[in-house]
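The structure appears below as structure tokens.
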Amino acid sequence: MPLTNFLKRVLILDSASCLFMGAILLAGGGDLSDLLGLSGSLVSGAGSLLIPLGLFILWLGTRSAAHLALVWLVIVGNVGWAAESLIVAFTTAGITGLGTLFVAGQGAAVAALAALEYAGLQRSRAVAA
């Protein structure tokens, strides 16, 4: 399926946000852990996961065409990340107010990216038809 410029731009934005957030979480893991009231393993684990995800999404966003399943994988992964973020934000014992705001806010941003990617997918499918 050909990818529209809109979808490619959203995927690249998603990639940039993953790589940026991953770098922040890895570099500031200990300090962020204390500030946010989250375990160090959660902060560093999330950072470690975001780097390869960001690279995969960047690769996908630079293709002129891609298999439909790969785009769906990104969308579903983002929906799962957003849902898990809300669970963490509102059920984690010891999370600070700033931690709740940080985790819920990035979850909302990821949900918005998933919605934009879905809209881009629909546009790409229309072009392919």
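Just so you know, all these numbers are worked out from the coordinates, no wet-lab data involved. Quick caveat: nothing in here was measured; it's all calculated off a predicted structure. Glycine also receives a Cβ, built like all others from the backbone with ideal geometry; neighbour counts cover every protein chain displayed.
In terms of the Cα gyration tensor, with a ≥ b ≥ c the square roots of its eigenvalues, is the stretch 39-86 rounded because a/c is under 1.5, prolate because a/b exceeds b/c, or oblate? Oblate. With K and R counted +1 and D and E -1, the other residues having a Cβ less than 14 Å from that of LEU7 yield a net charge of +3. For the stretch 5-128, a simple Cβ point-charge model (Lys and Arg +1, Asp and Glu -1, everything else neutral) yields a dipole of about 580 debye relative to the Cα centre.
Look at the alpha carbon pairs under 8 Å that are at least 6 residues apart: their mean separation over the length of the chain gives a relative contact order of 38 percent. The convex hull of the Cα atoms of the chain, projected and averaged over all directions, covers 7.0 nm². Per residue, the convex hull spanned by the Cα atoms of the stretch 1-76 measures out at 80 cubic angstrom. By the helix-only formula, in which each DSSP H run with n ≥ 4 contributes -39500 (n - 2.57) and the sum is divided by residues, the chain has a 222 nm mean residue ellipticity of -29500 deg cm²/dmol. To the nearest ten degrees, helix 97-128 and the longest principal axis of the Cα atoms of the chain are 10 degrees apart.
In a shell of Cβ-Cβ distance under 10 Å around GLY120, excluding GLY120 itself, what net charge do Lys and Arg (+1) and Asp and Glu (-1) give? The answer is +3.
Between the helical axis of 40-61 and the dominant principal axis of the chain, each derived from Cα atoms, what acute angle in degrees is found, rounded to the nearest 10? Helix 40-61 sits roughly 10 degrees off the main axis of the chain.
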